[in-house]
Structure formats: structure tokens, C-alpha cells
Amino acid sequence: MRIAVIGTGRIGGTIGRAFARAGHDVVFGSRSPGDDSAAQDSGARVADIATALDGAEVVALALPGPAVDGLLDEHAGALAGRLILDCANRVGGPGPANSHDAIFSKVSGARYARVFNSLGAENLADPQFGDGPADMFFSAPEGDRAAVGQLIEAVGLRPVYLGDGQQEVVDGVLRLWFALVMGQHHSRHLAFRTLER
């Protein structure tokens, strides 16, 4: 897949490099396209945001939550019809942590997935716990379920599909992570695994 990862911080850098190492064509969209440190040795490229979006099949929004609106205002046309992975969190303010409503109000024909937002970056970089990977809960249209699951597996996590339109449920996992790590001072190396008989 041709993937634009918008954001070169800890979340964007980690998942983008993992996608590239799994064989995907990854371009990081950056405000500093001359700095290729996010790509490291992964084979990904770094470009300005417009160049990264050009031709992308999948767009991962991995920038700070408050910056999403400005990105949507500037690049809504380039995002039209794309599968958008909402990895950004709007925390500390009113309203939901996700950008679902903003994306659908500004981007024509968007396909929306809520994913890669509910665990700290440490767990995306090192997803193995004991004898297996941590789970990554996600929401996406049924038609995009397999593609998003493949990208989750590329990061080394186990995909757990919650259905379409379940971004608030995914954000509940985010709130649980924050309650344990920030509120109860557990290690940031904390993740979740579904057990089933």
C-alpha cells in the first residue's frame, strides 16, 4: 500500500517505519521535509505534506490532536475518498478525543478508521508481552477491516476489530490506559490482551 504518515513524532515515526519495513511504500508528511530522521533505515521517505498525500491510498494522521483541524482545512481535497487512520488524540479539552466529526465535516468521501491511539508509543515500538503481542483495538468500515488489520500486524500488534463507527469504544480503551498509567502510576509499558474461551 502507498501510505502517507502525517506526523514524524513518536507515534507517527514508529508506525511509519514499521509499515515501511513490512514492505509498504511510506512517505512521511512533514513541515520539515529536509529532516529525514523519522525514516531512519526503514526505506520510508520524508516530504512536504502535499507531496506525501499525492497518490496515497491510506493516510495516517499521527500529529497532535489540536493540529488536525488545520491540516483538514488545508488538505481536504487531497484527503477526499482516502482511508484515513485517525491516530491523533485531542486530550485535555471538551469533546471527544477522536477527530471523526471534523474529518467527516471537511473531507468528501472519507473512509474512517480509529486506530493506533490507545497505547503509548513505547508499546507500538515494542508490542511483545510475554508469549505474544498486545492487542490493538480498532474501528473501521467493514470493507477496510482487512487493510487496517494488516497494518496493525505490520507494527507487531494483534488486531481486534470492534466494528464500524465504534471510535468512542476505542477511545474508552485510551481512557483506561490513561487511568492506569497516569492516574494509578503504572508503567507506560502497559497494554491489553483479550482472553477468550
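The residues of the chain have, on average, 46 Å² of accessible surface per residue, using a 1.4 Å probe with all protein chains present.
Net charge dipole, the chain: roughly 260 debye, given to the nearest 20, about the Cα centre with Cβ charges of +1 for Lys and Arg and -1 for Asp and Glu. Taking 7 Å steps out from each Cα toward its Cβ at GLU168 and LEU180 produces label points 2.3 nm apart. Binning all Cα-Cα separations of the stretch 79-155 at 5 Å, short to long from zero, yields these whole-percent fractions: 3, 14, 23, 23, 18, 12, 6, 2, 0. On the chain, 50 percent of the accessible area sits on carbon and sulfur atoms, based on a 1.4 Å probe. Computed from the C-beta positions of ASP101 and GLU142 and an R0 of 22 Å, the FRET efficiency is 0.60 to the nearest 0.05.
The values are calculated or read from the model by the stated rules, or taken from the named source; none is laboratory data. Because the structure is predicted, anything quoted here is derived from the model rather than measured. Cβ sites come from the backbone with ideal geometry, for glycine too, and all protein chains shown count toward neighbours. Accessible surface is based on the protein model in full, side chains and every heavy atom, while ligands, DNA and RNA are left aside. Shrake-Rupley method; radii C 1.70, N 1.55, O 1.52, S 1.80 Å.
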